[in-house]
Every structure is written in structure tokens, then in C-alpha cells.
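Notes follow once the structure below has been shown.
The values are calculated or read from the model by the stated rules, or taken from the named source; none is laboratory data. Computed from a predicted model, the values in this text were never measured in an experiment. Using ideal geometry, Cβ is built from the backbone for each residue, glycine included, and neighbour counts are taken over all protein chains shown. SASA here: full protein model, heavy atoms, side chains in, ligands and nucleic acids out. Shrake-Rupley method; radii C 1.70, N 1.55, O 1.52, S 1.80 Å.
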Amino acid sequence: MSIPFAPGDVISHAEMCSAIGASLQRGMNFRLHGRESVILMSIRPGAPYADSIESNGQVLIYEGHDIARTEGIDNPKEYDQPERHRNGLLTQNGLFAKAATDFKNGGSPAEKVRVFEKIRVGIWVYNGLFELIDSWIEQADSRNVFKFRLHLIGDLEASHVAATRELPEDDRLIPSWVKLEVWKRDKGQCVHPSCGAKTGLHFDHIIPYSRGGTSKDPANIQILCVRHNLAKRDSIQ
């Protein structure tokens, strides 16, 4: 699956769906069109699941999804997250868990997963391509939930996009709280004095990661449009 995004690109839900070639309505999407898997995550306040980012952005811990609201189920949060549907077929939780188990047992390569993060209503960020390397069940609020460990990997398509834009290589995720703070501070638009564009945006390191710049300090992150991101290249402004 080739997509026209580099990690850090800010996109709309429509742009995300168009690039993936599917109408993404659920958070877990195992092998769309028989190819790569896609997950949608969020760490913003009020997010429905307890996702987290660890190891300086290299590792994503993703929570499985709840049982669907059906007749007789008023609050899915009171039920264990299901591995199978009532007809016996694997749920998305079950499909991802099986893929992780197959990898750990040496039966198949790690499942490749595209990760998109919701930072505000209608605003998404492409986080990159990950490998699914582990899964387990843990107890949370007196019920069992699935957890999945994904590790950030090199992404040839995203690397190609970054190279054509002459952007600094940076395989460290910007923490969600930094994205939210920068988005609010920069008012969701390119900060170049002569611009102010609100489309085609990217979270940019002011001091590039390759030169020691941090992803963890909002003061080192800004929003630029594609044109000014390209013009900046790898220079320190």
C-alpha cells in the first residue's frame, strides 16, 4: 500500500480514507483489501480507549475495541472485549491477536500496520508504519481488555515522500500532548509570516532531530505548510 503521507503530516478524515481506499469508520482494520492493516488511535482527553506511546515514540500500546452495542447491551465498557463474534468468527481483536501470536511463534512475519492519530475533531496525523509484535489480555476496571504492542519501523513510501520534500529524517513520534499544544498555539495554520495556510500542513522540528532537536518540547515544534516545510529543508531557522 503506497500513501502520499510522511509521518507528521496533518490530514483530514476524507484525505485519510482516500489514500487508504476505504471508508474508515472503525479504529481497527485488519488487512484492508488483503494488504496492510490500519489502526486509528487517540490519546487526547476523553478518548474512548487507553492507547499510549512509549520509548520516545518508538512503541505504541494500543487497546482493543469493545463489544458492539446490540440489543441487551447498554454499556459495552461493562463487558470483556471479545475475541470472537457470536457466530464464532474472529473479531478485529481476535484477528490482530492471532497475527501477533503467529509472529511470536515464528509462523509469519510481523503484521505491518499504518497508524493514524486523531488529535481533534476532523484533524488527523499520520504516525507512520508499525510492526505488530505482541498482544495480551489484561484486567481494567473489572473486565478483560486486549492490548497490542507495535514498534515503529522504516517506511519506504513515507521515506520517499520525506526525501522528495527534503525533510529531515525523524523516526521519533512527536508526543500527542505536544501536537495538541502546538496546534492550539499555532492556531492550526502555517506559522510562516507570509502564509497562514490551513491545508497541507506538517508538524516540523525547528531544530531538526538529526541535529539534536527534541520532539518532546513544544518550543521546538511548529506547523508549516508543504511549501514552507520544503523551503526550510534541514536548516536551523
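Surface composition of the chain: carbon and sulfur atoms hold 51% of the protein heavy-atom accessible area at a 1.4 Å probe.
Of the beta bridges in the chain, as assigned by DSSP with both residues counted there, near 90 percent are antiparallel. Compared with the direct C-alpha span, the chain from GLU181 to ALA231 gains 15.6 nm at full extension, assuming 0.36 nm per residue. Along each principal axis, taking the top coordinate minus the bottom one, the Cα set of the chain gives 58, 39, 31 Å in descending order.
Gap in Å between the Cα centre of region 86-127 and the Cα centre of region 1-35? The distance from the Cα centre of region 1-35 to that of region 86-127 comes to 13 Å. Close amide-amide hydrogen proximity is noted between MET41 and PHE116, GLU117, LYS118, each under 5 Å apart and 5 or more residues distant or on a separate chain (H modeled in the peptide plane; Pro and chain starts excluded). Measuring spread by the Cα atoms of region 20-105 yields a radius of gyration and Dmax of 14.2, 42 Å. Relative to the current alpha-carbon distance between ARG143 and HIS33, full extension at 0.36 nm per residue lengthens the span by 36.3 nm.
In this label model, THR70 and TRP136 are separated by 3.0 nm, measuring between points 7 Å along each Cα→Cβ vector. In the context of the full set of protein chains, the chain has a per residue accessible area of 51 Å² (1.4 Å probe). For the chain, the cysteines with no partner cysteine C-beta closer than 4.7 Å are CYS17.
Taking the chain as a Gaussian network of alpha-carbon nodes connected by springs under 10 Å, the highest mean-square fluctuation of the residues ILE221, ILE133, ILE73 belongs to ILE73. What angle, in degrees between 0 and 90 and rounded to the nearest 10, separates the Cα long axis of helix 156-165 from the longest principal axis of the Cα atoms of the chain? So the helix axis and the longest Cα principal axis differ by about 20 degrees. An ellipsoid equivalent to region 58-131, defined through the eigenvalues of its Cα gyration tensor, has semi-axes of 25, 21, 9 Å when rounded to whole angstrom and sorted largest first.
For the residues LEU60, LEU224, LEU89, a GNM of the chain with alpha-carbon springs under 10 Å puts the largest fluctuation on LEU89.
Comparing mean-square fluctuations of HIS65, HIS13, HIS85 from a GNM of the chain with C-alpha springs under 10 Å, the top value falls on HIS85. Ignoring the sites themselves, the chain has its longest run without trypsin sites (Lys or Arg not before Pro) in a DSSP loop having at most 12 other Cβ atoms within 10 Å at 87-186. Set the Förster radius R0 to 22 Å, insert the Cβ-Cβ distance between HIS151 and LEU90 as r into 1/(1 + (r/R0)^6), and round the FRET efficiency to 0.05. Efficiency, rounded to the nearest 0.05: 0.45.
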